[in-house]
1. What angle do you read, to the nearest 10 degrees and between 0 and 90, between the alpha-carbon axis of helix 2-26 and the longest principal axis of the chain?
2. Please state the equivalent ellipsoid semi-axes for the chain: what are the square roots of 5 times the Cα gyration tensor eigenvalues, largest first, in whole Å?
3. Relative to the longest principal axis of the C-alpha atoms of the chain, give the angle of the C-alpha long axis of helix 61-83, reported between 0 and 90° and rounded to the nearest 10°.
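Quick note: the coordinates plus some simple rules give every number you see, no bench work behind them. Predicted, not measured: the structure shown is a model, and the values here were computed from it.
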Amino acid sequence: MAEWGNLGKVFIGVGLCVVVVGLLLLIADRVPGLGNFLGWFGKLPGDISIRRDNFSFFFPIVTSLLLSVILSLVFYFISWIIRR
C-alpha cells in the first residue's frame, strides 16, 4: 500500500509543476522580456504551417521533438537523483 502513497505524491508533484508552467505561460506576455524569450516556441525550422484563404494548419513537429528530448532528460536526471 505504501507504493500507492508514493505514486500519489508523484502525481501531486507533477500536477503542481504543470500548474506553475501554465501560470508562467499565462503571464509571459505581461512581463517585459519574458514574452520575447518564449517567442521561438512553435516557430522553429521544421514546424509545419500552412495558411490558405479559409484554412490554416499548424503542426509544431520540431518543437514537439525538442520538448520531448528536454523532458526526457529532466525526468532521467530526476530518477537518477532519486535512485542515489
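1. The angle comes out near 30 degrees.
2. Numbers: eigenvalues 215, 59, 39 Å².
Equivalent ellipsoid of the chain: 33, 17, 14 Å, largest first.
3. 10
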